[in-house]
1. What residue, of 77, 122, 102, is touching a Leu at 6+ places or on another chain (Cβ under 6 Å) and either of a type in the set (S, T, N, Q) or within 22 Å of residue 25 (Cβ to Cβ) (or both)?
2. Looking only at residues that are within 15 Å of residue 49 (Cβ to Cβ), in contact (Cβ under 8 Å) with a residue 40 or more places away in the chain and out of contact with any Pro (no Cβ under 8 Å at 6 or more places or on another chain) in region 77-102, which one is surrounded by the most Cβ atoms within 10 Å (Cβ to Cβ)?
3. Testing residue 109 on (1) in contact (Cβ under 8 Å) with a residue 24 or more places away in the chain; (2) assigned to a loop (DSSP other than H, G, I, E, B); (3) within 26 Å of residue 2 (Cα to Cα), one condition comes back false. Which one is that?
4. Quick check on residue 44: is it in contact (Cβ under 8 Å) with a residue 60 or more places away in the chain and either under 12 Å from the mean Cα position of the chain (by Cα) or closer than 26 Å to residue 1 by Cα (or both)?
5. Just wondering, is there one or more residues in region 35-47 that are surrounded by fewer than 16 Cβ atoms within 10 Å (Cβ to Cβ), closer than 14 Å to residue 113 by Cα and at pLDDT below 95?
6. Which of (1) under 14 Å from the mean Cα position of the chain (by Cα); (2) surrounded by fewer than 15 Cβ atoms within 10 Å (Cβ to Cβ) is the odd one out, the single condition residue 60 does not satisfy?
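The values are calculated or read from the model by the stated rules, or taken from the named source; none is laboratory data. Everything numeric here is computed off the predicted structure, so don't read it as measured data. Here the Cβ is made from the backbone with ideal geometry for all residues, glycine too, and neighbour counts use every protein chain on show.
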Amino acid sequence: MIREVKGVEAEGLAGGKGKAIRYVIVPPEELNGHGRLYARIVLMPGSSVGWHQHVNDTEPYYILRGEGDFIEGDSENDRKVTRVHAGEVCVIRVGQWHSLENNSDGELEFMALIYNKPGYMN
């Protein structure tokens, strides 16, 4: 099967700020209970993915274009900020908190895959 993927504008991803364009590559129903999302995301300048936790799944980010601030931590109040660039992977462990901010003048484009921890089916 071949299908065209169209971008959909979204506001405040995961409680973040500003605009993003989300290209859902594989929707949840096609992940067969193994995950929730496989998408390409474009964050506009000044936009972010909000600070949130993955409890029964994880979500690595692969940075395709641009740069931004990846924030990660083991609790809501424990935050470490790392500047990320194209070609880098942000590894998010199950149970970890994270966010991604585009504090640059250009777009920040990345791939996101939300998949379940071993033994968990949604």
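1. Values: 77 fails: touching a Leu at 6+ places or on another chain (Cβ under 6 Å); 122 fails: touching a Leu at 6+ places or on another chain (Cβ under 6 Å).
The unique qualifying residue is 102.
2. Within region 77-102, the match that is surrounded by the most Cβ atoms within 10 Å (Cβ to Cβ) is 100.
3. (2)
4. Numbers: in contact (Cβ under 8 Å) with a residue 60 or more places away in the chain: yes; either under 12 Å from the mean Cα position of the chain (by Cα) or closer than 26 Å to residue 1 by Cα (or both): no.
Here the answer is no, as residue 44 does not meet what is asked.
5. Taking region 35-47 and keeping what is surrounded by fewer than 16 Cβ atoms within 10 Å (Cβ to Cβ), we get 44-46.
Filter once more, so that each one left must be closer than 14 Å to residue 113 by Cα: none.
No: region 35-47 contains no residue that is surrounded by fewer than 16 Cβ atoms within 10 Å (Cβ to Cβ), closer than 14 Å to residue 113 by Cα and at pLDDT below 95.
6. (2)
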